[in-house]
Each structure stands twice: as structure tokens, then as C-alpha cells.
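Peer 1: Quick one: this structure, given as C-alpha cells, is what I'll be asking you about.
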Amino acid sequence: MNTAQLERECRSYARYLIGQDPTPYVIGHYLEFHRQQASRAASDSNAFDDFLTRVSAQRPFFARLADAYASAFRKDSAVRKKLVLTLALLECAPLSFEALDRTDGASPLGAIARLGWGALQYSLALAVSVALFAPVRAVLALSANRRATEPGKP
Amino acid sequence: MTDPLIVIGSGASGVHFALAALRKGRRVLMLDVGHTGQDAVRPGDTLNSLKRNLPDPAAYFLGPRYESLVLPGAKGEYYAFPPSKEHVFRRRPEFELRAKGFSPLLSFAAGGLAETWTGGCYPFNESELGAFPLRYAELAPYYAEVAERIGITGAEDDLAAVLPLHGGLIEPLELDEHSAVLLDSYQRRRGRLNENFGCLMGRARVAVLSRALGNREKCGYLGRCLWGCPNGAFYTPSLTLAECRTYPAFQYISGLYVDHFRMDSAGRAHSVVAHSTDGQTHEFPAGALILAAGTLCSARIFLESLYRETGKAPELRGVMDNRQILMPFVNMRMLGRSWNPDTYQYHQVAFAVRQENTGGYIHGLVTTLKTALIHPLVQTLPFDLGTGVSAFRNMHAALGMVNINSPDHRRQENYIALDTSSTPHRLEISYCPESGEPSRLKSTIRTFREILWELGCFAPSRTVHVRPMGASVHYAGTLPMTDKPAPLTCSKHCRSHDVENLYFVDGTAFPDLAAKNLTFTLMANATRVAEEAF
């Protein structure tokens, strides 16, 4: 478990989800969860999931793209689980829970417009993410198949 | 001195039986596994104050091992049980179970399964008691007695047409804004809803205090209902257990797993055999034995005892449970509004909807949960999480959930048996829904979606969740009360027709299951048995 990498993930995800840096308390729990789940995470590891996780940790923009892709094609992926973990920690922790609870104070029509705008942005993010990640997924799957069929390799 | 009445289990039935017996001057010995949780933390804090003031709020809300974290891929519900209620479902290794078509939940906690209930107190009406050997008028005084003991809020409104008004009801709590909007919508479309759907709507009947009762405070609107009411305003059976323990004639022994009872040559239960956690075996002489361990545990004790006496363990036919449907919805009038977390969190509003084929009523309870954790829900939205969080901000005040209960009836193909080929003996449950159930559920879902639409709410069909049989934990029907004595049944006063001094005061004795929470009727019936049979 690479602590620096995990911290990077947590920061990227918190900024993506609520636009704020996570507190040391949230980061501490994020690390603690991974410490507790280390053996299970290792056994669940998958090259494309690892790729998505690494990309998503770079910055919130990539976290969004990775999440958009995962929301449609890899719902149970590691990146999605890490994002849900971050969300769960943020909603329990002081300061960040208030950011999550804050309403936009719109009228019903305004709220519907915002929902529509959010859906449009999501569609765009999904389209970009497919263009970026689908080829990577195909290449990784091909190379995994090739390794598996090479003689003498498990 | 005569041997005491031995009550097995401290759930809703057991404690109300015990309290009524104690008030009549009887000696009561209660044997229980009795797992307990931790005391409420910072009882004066609201939910958000807890998040600010607790040294480690994530451990409180998600659990020290993150057991209440719901990650993608987890099956089932829209929320996980909070860590503060983990003890309620902690199992005992001796209790082995195999189930087919049934997802049973068991509790060995002090107070039993109702330590996690949502407080719905709905009396069975005359029609729903049709298969019982007693009339509503015979049960009504005990509904009132229990209501006075525990405090039940309710109002005289349209629901009174199908939910009898009994004594002891107290004024309802303050409505949260969303529930008020729903009731307002109902009033505007009342005629149409009544006529087109046979839909009645009104204030939920809930075991929560709108005014102080004894040493219990009234609801402080702290928003902590899901996590365990910190001041006793919300009723759970452990409060009655505490009251029982103030009686000198009451003895409560926890840490005991009751395995079976022994019978004398006359076929009477003369003692109870139990194991403590250190492996010791204990035996207690019984004047009368009252099984109140919950339908599944009571069945296991009964079958194990019969097997030890006769070498045979019959199948107990007719096990029942309410099929439940969870229907999340969005109230369009509430979109974009701010919301107040400092409100009562469980049901404030209830539906009764007439079934076309039977004329009976299906009950739906509306929750406008504001303080439930949002991460289990946000991940189900058809977006990425960032968009989901943003959407949730606009929808939070508008979200609600209807919990719909379907009725169930005793059918021979559903049974509980004891597998004596395994060690320890294993309880086996087999349940097969009625052949017409899928179309009936479909019709119920369609009707409730249409009703919600009339009320200005949208219930997306893909989010409707039909819970597995067993999930509602309203188990009943294995040794039903009947007027005609027969093996594997019990009398009107819940006395076994097989073992003379054995009584079943939990769901075991129910011959039918109305489309509603049975807990209030369990408490009233247990009180009735104690009052009339002892």
C-alpha cells in the first residue's frame, strides 16, 4: 500500500466531489480503510481498474472522467468503490458534511433545470471518457489474453 | 412458593407479557441471550452536532470496521444498519439455520428485533382478525393498555376507517415539511384518490412520545432516530424490560441460550434447559413456560424439545411474513428546497389502499428520511458521483420512500422443520410465494406509482425494490391459535394443544398476517394472554 498514492487519491476525489480539500481526519480514515482491506483489495486487483485509479488520482478532472466511465461500464470497479468511500467519509466528517448538505435554494423549475444541466455535463464527460478509456481497456484486455495464452505462462 | 412463569426472550411479546403478569402479582423469570449495545452518546446533541462534536464521527456512523459503509456491488437495501445497532443482529453460534426462499433475520438482543423497528403501531381490524378465534372488541382494551404504556401518536383522520381508533393515542408529532406537503396534496385530491384507488391517507401511528411519559422525555426532534433515540422518546422493548426489572418478583437472566424444555410424564413442561456462554448447562423449574423468543427461535425450542421427548420433530406448517416493497420517490413540489435535519425521521404519513380482489387494505408507510447517509443512494443514481452529489442537493428535500406491506396467509407448503441429522440440530425454513404473487406485486407497484403521481410525486420504476421474503421480519403462523383443539396449534389464549402449560405469545400463534406491522398486535396479544390466562 503506497500511502502517498492513497493520499493523492483522497485529495483528488474530495475536490471532485465537494470542491474542497479533505481534512487530515478524512485522509486518516481513507488510509485506515485501505489498511484494513489490504488483502481483499489485492485479490480484486485488475489492470484496467488500476489504470483508472491511477488516472483518477492525478486531478479532479480525471477523477470525473474515470467516474463517468465507471458509472456506465465498471460500476463495481476499485475507483468507484474508492469514490463512494470518500463520499461516505465526507458526509460523516465535520465541515465537509455541511458542504454536501448545502442546497442550491432553487425553485422546482430551477432545480429541474440544474438537474438537466448536470445530466448534460455527465453525458459529455461520459463521451470523452469512452473516447479516452475504451481503447486503453481494449489494449489491456488484449495483452492480458496474450499473456494467458503464451506457453509456459499461467 | 410455586415455580415462576418462565418467559423465554425479551422482545416485544415477552416484555409485555411479563409486565402484565408482574402487575397481577405473578413471579416471572425471564431467560434471554440479551446482547446489548452501547449507551447513547451525547444525548442532547442533534445529528449534525454529533458530526461536529464526536471525536471520531466516522467510527460512530460507519463503524470501527466500516461495517455500515455500503460499497458498489453490495446487494440489497438502500441503507445499512448503523453500527449502534450491530448487537441486535449478532448471532449465536449454536443457532444453525438453512433457508430456501426466505431470508431470515434473527435477534438475540435484549429487546429483540423491535430494537431496530420503525415504531409503526397499527391495530388489526375486525376483518384482519377474521382467522383469529377472537374479535376486535376482545383485543381493543389491550391495544389501549399497550398504547398507554408505550405512548403512541396518532390522529382521527381518514385512516380511522380501516385502522380502528383505540384508547391511549396521544397527539401526533410536528410534521416535517415534506410530510405536510404530501398531506396537503392528499387533501386537494382526496375524492379522486378515494374513488379511483380506494386510497386513504393520514397520520402514521407511531410509538414515539409527543409529550413526556413517566421518566421518558418527549421527542426532541434531534434527527437521530435511525441511530437510536438517545432519550427514550422513541419506544423500544428494552424500555419495558427496564420497567419489568423494577419489580422484585422479576428475575432477568441474560447470557443464556435456551435449548429445550423437559416434560414430565403428564406431558407438562417441568423445566427449561439453557446454556451459558461459558458452556455451562443450567436447568430451571417452570410453573408455566411462555415462549416469546420470536417465531423462528420459539419454533426451534419447541421442535428440539419434542424431538428429545419423542424422537420425532414434526414440520410446522404455515410460516408467514409480509412481502415488502420499497418505493423511493421524488416530490416535485419539494425540489430545490432546503431541508431541516432536526425532525422526526421515521413515518409521519401512512397510506391504506384497497385491494380490488379481496377488499382488504394494503398499507404503505412514508418515510422522508433526511438524516440517512446519502452514499448508498447517490451511487444508485444514473450518473457519475459528482453529478449525483449535485443532483442530490437539489432533490434531498424532495426524496421519500414508501414501504408497502403485503398480507400473507398460512399455506401448507411453507414450513419450518428441524434437521436432526446435523450437530447441532439445524432449523430449516422453506417458503414458496403464492403462484399469483408476481402479478399481484406488479399491480400493487403500478397502483402506488399512480397514487404518488396524483400526489405530485415521481417514483422511478427502476428504483422500486421488492424485498426478499423474510426481510420484513414479521414472522408468524407456525402454531396458530384456533377454537378447535388439534395437534400443533394453540388455544385462543395461546396455550399449546400439545403441552399443557406451554404458551406461545409471539407471532407463532398468529393464524393470519395483515398487510401491516404486527408488533403492536404482538404486544396487545401478549398482554391479553397474561391478563386472561394467568
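The values are calculated or read from the model by the stated rules, or taken from the named source; none is laboratory data. As the structure is a prediction and not an experimental result, all values here were calculated from the model. All Cβ positions, glycine included, derive from the backbone under ideal geometry; neighbour counts span all protein chains shown. These area figures cover heavy atoms from the full protein model, side chains too; ligands, DNA and RNA do not enter into them. Shrake-Rupley method; radii C 1.70, N 1.55, O 1.52, S 1.80 Å.
Peer 1: With no solvent and one equal point scatterer placed on each C-alpha of the range B:448-508, evaluate the Debye formula and give log10 I(q)/I(0) for q = 0.14, 0.15, 0.19 Å⁻¹, two decimals.
Peer 2: -0.58, -0.60, -0.71
Peer 1: Further question on the same structure: If the viscosity is 0.890 mPa s and the temperature 25 °C, what translational diffusion coefficient in µm²/s does Stokes-Einstein give for the protein assembly as shown when Rh comes from Kirkwood over Cα pairs? Intermediate values should be presented prior to the final figure.
Peer 2: Details: Rh = 27.0 Å.
After rounding, the answer is 91 µm²/s.
Peer 1: Separation between the residue A:134 and residue A:45 pseudo-spin-labels, each 7 Å from Cα along Cα→Cβ, expressed in nm?
Peer 2: Roughly 2.9 nm, to one decimal.
Peer 1: Would you mind getting the accessible area per residue of chain A, heavy atoms of the protein chains only, 1.4 Å probe, in Å²? The partial results should precede the final answer.
Peer 2: Working: 7820 Å² over 154 residues.
Spelled out: the 1.4 Å probe surface of chain A, per residue, equals 51 Å².
Peer 1: For the range B:366-425 and the range B:462-526, what is the centre-to-centre distance using only Cα atoms, to the nearest Å?
Peer 2: 24
Peer 1: State the percent of C-alpha pairs, over all pairs in the range B:1-131, separated by a distance greater than 27 angstrom.
Peer 2: Of the Cα pairs, 41 percent sit more than 27 Å apart.
Peer 1: Still on this structure: Mind telling me which of A:60, A:22, A:108 comes out most flexible in a GNM of chain A, alpha-carbon contacts under 10 Å?
Peer 2: Sorting by GNM fluctuation, first place goes to A:108.
Peer 1: Residue B:492: which lysines have alpha carbons under 19 Å from its alpha carbon, excluding same-chain residues fewer than 8 sequence positions away?
Peer 2: The reachable lysines, counting only those whose Cα sits under 19 Å from residue B:492, are B:484.
Peer 1: Given a 1.4 angstrom probe, what's the average accessible area per residue across the range B:234-285, in square angstrom? Don't skip to the answer; put the middle values down first.
Peer 2: On the way: 2470 Å² over 52 residues.
The answer is 48 Å² per residue.
Peer 1: Springs between alpha-carbon atoms under 10 Å, Gaussian network over chain A: tell me which of A:129, A:107, A:77 tops the mean-square fluctuations.
Peer 2: Looking only at A:129, A:107, A:77, the largest GNM fluctuation is found for A:107.
Peer 1: Moving on to the next point. Provide Rg over Rh for the range B:373-502; use the alpha carbon set for both Rg and the Kirkwood Rh (inverse mean inverse pair distance). Please list the in-between numbers first.
Peer 2: Working: Rg = 22.0 Å, Rh = 19.3 Å.
With Rg and the Kirkwood Rh in hand, the quotient comes to 1.14.
Peer 1: Once the mean 1/r over all distinct Cα pairs of the range A:33-154 is inverted, what Kirkwood radius in angstroms do you read off? Each step should come with its number before you reach the end.
Peer 2: On the way: mean 1/r = 0.0593 Å⁻¹.
Every distinct Cα pair counted, the radius reaches 16.9 Å.
Peer 1: To test your reading of the geometry: what angle, between 0 and 90 degrees and rounded to tens, separates the Cα axis of helix A:47-56 from the longest principal axis of chain A?
Peer 2: The helix A:47-56 is inclined about 30 degrees to chain A.
Peer 1: Just to be sure I understand the model, the point goes 7 Å from the Cα along the line to the Cβ. What's the resulting residue B:148 to residue A:124 distance in nm?
Peer 2: Inter-label distance under the simple model: 6.8 nm.
Peer 1: Sticking with this one: Accessible area of residue B:68, 1.4 Å probe, to the nearest 10 Å²?
Peer 2: 10
Peer 1: How big is the convex hull of the Cα atoms of the range B:271-371, per residue, in Å³?
Peer 2: Details: hull volume 24.4 nm³, N = 101.
Dividing the Cα hull volume of the range B:271-371 by its residues yields 241 Å³.
Peer 1: Now, a different point. So for B:2, B:508, what's the accessible-area order with a 1.4 Å probe, most first? Walk me through the numbers on the way to the answer.
Peer 2: On the way: B:2 110, B:508 0 Å².
Ranking B:2, B:508 by accessible area, largest first, yields B:2, B:508.
Peer 1: Please list A:96, B:84 in order of solvent-accessible area, largest first, computed with a 1.4 Å probe with all protein chains present. If you can, show how the numbers build up before the last one.
Peer 2: Details: A:96 10, B:84 40 Å².
Putting A:96, B:84 in descending order of accessible area: B:84, A:96.
Peer 1: Could I have the simple spin-label model distance between residue B:315 and residue B:423, label points 7 Å from Cα toward Cβ, reported in nm to one decimal?
Peer 2: It is 2.7 nm.
Peer 1: In whole percent, and with a 1.4 Å probe on the protein chains, what portion of the accessible area of the range B:1-76 is carbon and sulfur?
Peer 2: Looking at the range B:1-76 in its full context, I get 47 percent from C and S.
Peer 1: Can you list the lysines whose alpha carbon sits under 25 Å from that of residue B:51, skipping same-chain ones fewer than 8 residues off?
Peer 2: Cα-Cα hits under 25 Å: A:81, A:82, B:85, B:218, B:370.
Peer 1: Using only DSSP helix segments of four residues or longer, with each worth -39500 (n - 2.57), what per-residue ellipticity at 222 nm results for the protein assembly as shown after dividing by its residue count and rounding to 500? Mind showing how you got there, number by number?
Peer 2: On the way: 20 runs with 255 residues, N = 688.
Calculated from helices alone, the mean residue ellipticity at 222 nm is -11500 deg cm²/dmol.
Peer 1: Here is a follow-up. Leaving out ligands, DNA and RNA, and with a 1.4 Å probe, what % of the accessible surface on the range A:58-123 is carbon or sulfur? Please list the in-between numbers first.
Peer 2: Details: 1690 of 2780 Å².
C and S atoms contribute 61 percent here.
Peer 1: Additional query: Per 0.36 nm of contour for each residue apart, how much would the distance between residue B:280 and residue B:177 grow if the chain were fully extended, relative to their Cα-Cα spacing? Walk me through the intermediate numbers first.
Peer 2: Numbers: separation 103, 0.36 × 103 = 37.08 nm, distance 5.51 nm.
Value of the extension gain: 31.6 nm.
Peer 1: Something else now. Quick check: residue separation of residue B:67 and residue B:532 times 0.36 nm, minus the Cα distance between them. What number comes out in nm? All intermediate terms of the calculation are to be shown ahead of the outcome.
Peer 2: Working: separation 465, 0.36 × 465 = 167.40 nm, distance 4.51 nm.
Once the chain is fully extended between residue B:67 and residue B:532, it gains 162.9 nm.
Peer 1: Can you check what the net charge comes to around residue B:244, using other residues whose Cβ is under 14 Å from the Cβ of residue B:244 (Lys, Arg +1; Asp, Glu -1)?
Peer 2: Working: positive: B:23, B:24, B:26, B:27, B:149, B:245; negative: B:32, B:243.
Cβ neighbours under 14 Å give a net charge of +4.
Peer 1: Rounded to the nearest 10 degrees, what's the angle between the helix A:78-92 long axis and the longest principal axis of chain A, both from Cα atoms, 0 to 90?
Peer 2: Value to nearest ten degrees: 30.
Peer 1: Quote the convex hull volume per residue of the range B:238-312, based on C-alpha atoms, as a whole number of Å³.
Peer 2: Values: hull volume 8.6 nm³, N = 75.
Considering the Cα atoms of the range B:238-312, their hull volume per residue is 114 Å³.
Peer 1: Reported to two decimal places, what Rg/Rh ratio describes the range B:184-301 when computed on Cα atoms with Rh from the Kirkwood expression? Display every interim value, and only then the final one.
Peer 2: On the way: Rg = 22.7 Å, Rh = 19.2 Å.
Result for the range B:184-301 is an Rg/Rh of 1.18.
Peer 1: Leaving out ligands, DNA and RNA but keeping every protein chain, what accessible area does residue B:42 have, in Å² rounded to the nearest 10, with a 1.4 Å probe?
Peer 2: Here the accessible area works out near 110 Å².
Peer 1: Hey, another quick one. Tell me which chymotrypsin sites (Phe, Trp or Tyr not before Pro) from the range B:305-402 have a DSSP coil assignment and no more than 13 other beta carbons within 10 Å of their own. Could the numbers behind the result be given before it?
Peer 2: Working: sites: B:307, B:329, B:339, B:344, B:346, B:351, B:361, B:383, B:392; in loops: B:339, B:344, B:346, B:383.
Taking the range B:305-402 and a limit of 13 other Cβ atoms within 10 Å, no loop chymotrypsin sites (Phe, Trp or Tyr not before Pro) are found.
Peer 1: Could I ask something else about it? Give the aspartates and glutamates whose C-alpha is closer than 14 Å to that of residue B:312, dropping any in the same chain fewer than 8 places away, or say none.
Peer 2: Hits, sequence-local ones excluded: B:304, B:419, B:498.
Peer 1: Provide the buried accessible surface between chains A and B in square angstrom, both chains summed, 1.4 Å probe, rounded to the nearest 100. Write down the numbers at each step before the final one.
Peer 2: Numbers: alone 9650 and 21370 Å², together 27330 Å².
Approximately 3700 Å², summed over both chains.
Peer 1: Which of A:65, A:140, A:17 moves most in a GNM of chain A, Cα contacts under 10 Å?
Peer 2: Top of the fluctuation ranking is A:140.
Peer 1: Please give the helix A:24-36 orientation as an angle from the longest Cα principal axis of chain A, in degrees from 0 to 90, rounded to the nearest 10.
Peer 2: Tilt of helix A:24-36: around 30 degrees.
Peer 1: For chain B, just the Cα atoms, rotate onto the principal axes and tell me the three extents in Å, largest first.
Peer 2: Computed over chain B, the largest-to-smallest principal extents equal 71, 55, 45 Å.
Peer 1: Under a Cβ-Cβ cut-off of 10 Å, what is the net charge of the residues other than residue B:35 that fall near it, where Lys and Arg count +1 and Asp and Glu count -1? Walk me through the intermediate numbers first.
Peer 2: On the way: positive: B:90, B:91, B:92; negative: B:32, B:86, B:115.
Taking every other residue near residue B:35 into account, the sum is 0.
Peer 1: Between residue B:53 and residue B:105, take the C-beta separation as r, use R0 = 25 Å, and let me know the FRET efficiency to the nearest 0.05. List each step's numbers first, then the result.
Peer 2: Details: r = 33 Å, r/R0 = 1.30.
For R0 = 25 Å, the calculated efficiency reads 0.15.
Peer 1: Sticking with this structure for a sec: Can you give the accessible area of residue B:115, probe radius 1.4 Å, in Å² rounded to 10?
Peer 2: 30
Peer 1: Place a point 7 Å from the Cα of residue A:76 along the Cα-to-Cβ direction; which residues of the range B:47-72 have their backbone N under 11 Å from it?
Peer 2: Only B:72 fall inside the zone, counting backbone N under 11 Å.
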